[in-house]
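The values are calculated or read from the model by the stated rules, or taken from the named source; none is laboratory data. This one's a predicted model, so the numbers in the text were calculated from it and none came from an experiment. Reconstructed Cβ throughout: ideal geometry from the backbone, glycine too, with neighbour counts over all protein chains shown. Areas reflect the complete protein model, heavy atoms only, side chains present, ligands, DNA and RNA absent. Shrake-Rupley method; radii C 1.70, N 1.55, O 1.52, S 1.80 Å.
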Amino acid sequence: MRCRIPLSFEVGHRDSLTEAPTKFVPAVVPGAVQLDWAAAHNWPPHWEANNFEAYAWMENKHWLYRCRLPYVDRQPGQQVFFVCQGIDYHFQISANGAVLLEQEGMFTPVQLDVSALAAGTELTIALRPVPKYPKAHRPKAEASRSVKPAVSYGWDFHPRLIPLGVWDETYLELKDAAALTGVEIKATLDVQNNQAVVACEVQTQGVRDGHQLQWHVQDQSGVTVISQVVALPTTTTVLTATLHQPRLWWCNGQGEAHLYQSTVSLLDDEGKCIEQTTKRFGVRRVRLVMNEGAWDEPSTFPKTRSVPPMTLELNGRRVFAKGSNWVCPDIFPGTLTRDHYAALLHQAHNAHFNILRCWGGAAINKTSFYDLCDELGIMVWQEFPLSCNTYEDDERYLTVLNQESRSIIKKLRQHACLAMWCGGNELFNWWSAMTDQHLALRLLNANCLELDPLTPYLPTSPVMGVGHGDYRFRDEHGKEVFAMFSAAKHTAYTEFGVPGPASVQTLSSFIPLDELYPPRRGTSWQTHHAFDAWFVAPESWLFVGLLDEYFGPTQNLEQLVQRGQLLQSEGYKCLFEEARRQKPYASMALNWCYNEPWPTAANNSVVSWPAQAKPALHAIGDACRPSLFSAQIPRFRWLPEETLALKLTLLHDAPTPLAEQRVEVFIKVAGEPPLLVGTWDAPATSANTNVPGPTLAVPLPKNLRGVFDVVLVAESDAKLSSRYTLCGPP
């Protein structure tokens, strides 16, 4: 049986590849060189105030990890391998000064046979400085000739702090002469969902006559559904079996995310187990199909092509995709564990999300992220690491992109949660100036087609018909989110945002006390993106002036936070419900964004770093319930005696029918009895189908002041009731 042997590293920096570091410090692996150096010198946390600025020099240094290979007690024929799942970014691995491997790219794992190296041999990993395109016209463009995530070079929610180092699991591995070297499971479901062909490809080494493979598959209840034992004819063996009436993998809200467990055992000629590998897989079929009505456009001559398909079809059922944009949960991805991912993903599941778009500006997640998405029924839209840049047809870059993309595809293609591939973020916009003729996007399409042909692929987001933005509660023309989406018609809304501040407790954890209130430029508020974060709107992302305009002058930090979080909550609730209201032509609602890599003072995120939900996440969860009564509201701010008109809809995207329902609509003003607007008897509806309702109108009270509520009360099922908070005069 194979076993893992830990390694103990230290790290130091130098000015060139040939120099020796003057000092080494203990290194945590996986991790980052910046964190190791800071820990050794007792630096304060990088996420407090503007402490991250002290790390700037590190991106230009050569870093050197070193360790001594331990003694490994091994039997004749056994081999020892150095295994590393990821090194960031351009590196050289040597033993006693002899180069074993040089590689550019952080997503391609390393496995080196070090059996011939004696105990005590010095193994080193030499890192080159951060890659930077010398002709870059802006900081993030420095990443445009590497497959390194662009977000680290500075974004409106991420400081310029660019990780380097060993960022994924690293160890020595002892293997028997006969061993399993790879196991991959693929389940292909027929169009009637009646049967699935399961193929298990097994790679082996050192096998002899008499060796066998044993394959068992169990469902989640522990029932064995496949059992085979075969002789080993070659080093590559493909086992196949058919599952009749398989239990399907469904996304959150559409059914059970069922996973089968496959166990492959390598047996010796006496039937004893040499080695065993266990993997889980789901049975599902996913397609990207045309939105309903999309073939009808354009309706007049001269004709052009229709908008691209943007409706996800899972196991033959069209699914409205509700979710968010996922960014790296930490500046340093090497620090992330399954527990970090779980704290965020369980909240997404509880908010009724069924999809996350893994944004192309961020790093590819570790395996445990996808394992959890498999378990929770959260589909993954996976982008390659291209974002907001022109990635030109540069031969050296394309070579690395080919290597890295193939590694990414092979790593993720077995996961049931993987719903679609995408070339990257905002590549067809003027600031990127790419088209589908760029070789990088043609290469990614070709690799996806070769290695994972049944998973949908998009060149970028947005494509024609898909909406990105706005990212404010109100734009420069005075239009609120309430009006933006109701006037829009898109096949999918894959980025839209409403900013909101972090909680008082979170703000107090990273902003110095003397800067905490009032918020102002030139302080940690600006460092953490409350001011001048987005060039389109100088007040991004706090918008103090807007809060004062709606509610009157702010008196203290608590009031500022409460007001900002209210706008974010009501804005997001409106946007998600409006996107759902436009079903079936619209098929997706994914807000920008879900999480953060470090604590932001204000941002479009709905979860503050590291995993603290803002009120907006709960508001979105209300808007994403499988079934609810929804009111389309024209705007947020109202005056006394104005007529408030509410267009009602019963939103329903559950996989079962819904009986007829009655709803009563009220206006609730503080200190006044509820004002009945009207009632609606909604008819029964079939699965995954909305029911449009009437428009109800009522004059608002003369004494309207401050906030007030619109309440939809479902008589027979309280889970369908909804509440909206609006604003009167301050």
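Looking at (1) small (G, A, S); (2) touching a residue at least 40 places away in the same chain (Cβ under 8 Å); (3) more than 23 Å from T491 (Cβ to Cβ), which one does G678 not meet, given that it meets all the others?
G678 satisfies all of (1) small (G, A, S); (2) touching a residue at least 40 places away in the same chain (Cβ under 8 Å); (3) more than 23 Å from T491 (Cβ to Cβ) except (2).
So for region 112-119 (the condition being in contact with a Phe, Trp or Tyr (Cβ under 6 Å, 6 or more places away or on another chain) and closer than 24 Å to A32 by Cα), does at least one residue qualify?
yes
Residue by residue, here is whether (1) under 28 Å from D514 (Cβ atoms); (2) assigned to a helix (DSSP H, G or I) holds:
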| residue | (1), (2) |
| --- | --- |
| E19 | no, no |
| P26 | no, no |
| P30 | no, no |
| Q34 | yes, yes |
| E48 | yes, no |
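What strands (runs of 3 or more DSSP E), lying completely within region 153-215, carry at least 1 residues that are under 30 Å from the mean Cα position of the chain (by Cα), of a type in the set (K, R) and closer than 20 Å to R413 by Cα?
179-189
Does Y65 qualify as being hydroxyl-bearing (S, T, Y) and buried (at least 24 other Cβ atoms within 10 Å of the Cβ)?
Judged against the criteria, Y65 is a match.
Considering region 189-221 alone, what residues qualify as being open to solvent by less than 60 Å² (accessible area, probe 1.4 Å), closer than 29 Å to V286 by Cβ and in contact with a strand residue (DSSP E or B) (Cβ under 9 Å, 6 or more places away or on another chain)?
L189, D190, A196, V198, A199, C200, V202, Q203, W215, V217, D219
If we keep just the residues of region 663-685 that are of a type in the set (G, A, S) and in a strand (DSSP E or B), which is farthest from the chain's Cα centre (by Cα)?
G678
Against the definition (over 24 Å from L458 (Cβ atoms), under 21 Å from the mean Cα position of the chain (by Cα) and free of Cβ contacts under 8 Å to residues at least 12 places away in the same chain), how does D330 come out, yes or no?
No; evaluated as a whole, the condition is false for this residue.
Out of L288, L239, L312, L248, I need the residue that is aliphatic (A, V, I, L, M), modelled with pLDDT of 95 or more, open to solvent by less than 10 Å² (accessible area, probe 1.4 Å) and under 30 Å from Q582 (Cα atoms). Which one?
L312
Based on this model, can you work out whether T367 counts as modelled with pLDDT of 95 or more, over 19 Å from Y585 (Cα atoms) and of a type in the set (V, I, T)?
yes
Of all residues in region 77-105, count the ones that are free of Cβ contacts under 8 Å to residues at least 40 places away in the same chain, on the phi < 0 side of the Ramachandran plot and open to solvent by 60 Å² or more (accessible area, probe 1.4 Å).
Going through region 77-105 one residue at a time, the tally reaches 3.
Specify which of the listed residues (N703, N688) is polar (S, T, N, Q), in a loop (DSSP other than H, G, I, E, B) and modelled with pLDDT of 95 or more.
N688
For region 106-140, enumerate the residues that are in contact with a Gly (Cβ under 7 Å, 6 or more places away or on another chain) and open to solvent by 60 Å² or more (accessible area, probe 1.4 Å).
P109, P139
Identify, please: which residue in region 251-271 is modelled with pLDDT of 95 or more and in a loop (DSSP other than H, G, I, E, B) and is, among those, surrounded by the fewest Cβ atoms within 10 Å (Cβ to Cβ)?
The selected residue is E256.
For region 535-570, what are the residues that are of a type in the set (A, V, I, L, M) and in a helix (DSSP H, G or I)?
Once the filter is applied, which keeps residues that are of a type in the set (A, V, I, L, M) and in a helix (DSSP H, G or I), region 535-570 yields V544, L546, L547, L557, L560, V561, L566, L567.
If a residue has to be within 15 Å of V264 (Cα to Cα) and free of Cβ contacts under 8 Å to residues at least 24 places away in the same chain to count, how many in region 200-238 make the cut?
Total meeting the criteria: 5.
Here are some conditions: (1) of a type outside the set (F, W, Y); (2) over 22 Å from A586 (Cα atoms); (3) open to solvent by 30 Å² or more (accessible area, probe 1.4 Å). N447 meets all but one. Which one does it not meet?
(3)
Of all residues being of a type in the set (K, R) and closer than 30 Å to N194 by Cβ in region 315-362, which is most open to solvent (accessible area, probe 1.4 Å)? Just the residue, please.
Here the residue is R318.
Just to be sure before I move on: is A136 assigned to a loop (DSSP other than H, G, I, E, B), over 30 Å from Q245 (Cα atoms) and free of Cβ contacts under 8 Å to residues at least 40 places away in the same chain in the structure I sent?
yes
Do we have T491 as closer than 16 Å to A616 by Cβ and among the polar types (S, T, N, Q) here?
No.
Can you name the condition, by its number, that H346 falls short on among (1) in a helix (DSSP H, G or I); (2) more than 21 Å from P597 (Cα to Cα); (3) without any contact (Cβ under 8 Å) to a residue 60 or more places away in the chain?
The single condition H346 does not satisfy is (2).
Out of all the residues in region 388-410, which are open to solvent by less than 20 Å² (accessible area, probe 1.4 Å) and over 15 Å from I364 (Cβ atoms)?
Of everything in region 388-410, those that are open to solvent by less than 20 Å² (accessible area, probe 1.4 Å) and over 15 Å from I364 (Cβ atoms) turn out to be C388, N389, Y391, Y397.
Check every one of the strands (runs of 3 or more DSSP E) wholly within region 578-660 and list those with 3 or more residues that are of a type in the set (K, R) and either buried (at least 24 other Cβ atoms within 10 Å of the Cβ) or under 20 Å from the mean Cα position of the chain (by Cα) (or both).
In region 578-660, there are no strands (runs of 3 or more DSSP E) which contain 3 or more residues that are of a type in the set (K, R) and either buried (at least 24 other Cβ atoms within 10 Å of the Cβ) or under 20 Å from the mean Cα position of the chain (by Cα) (or both).
For the list (1) of a type outside the set (V, I, T); (2) closer than 22 Å to A118 by Cβ; (3) part of a loop (DSSP other than H, G, I, E, B); (4) at pLDDT 95 or above, I need the number of the one condition that P44 fails.
That leaves (2) as the condition not met.
Hey, can you tell me all the residues within region 123-133 that are hydroxyl-bearing (S, T, Y) and in a loop (DSSP other than H, G, I, E, B)?
Y133
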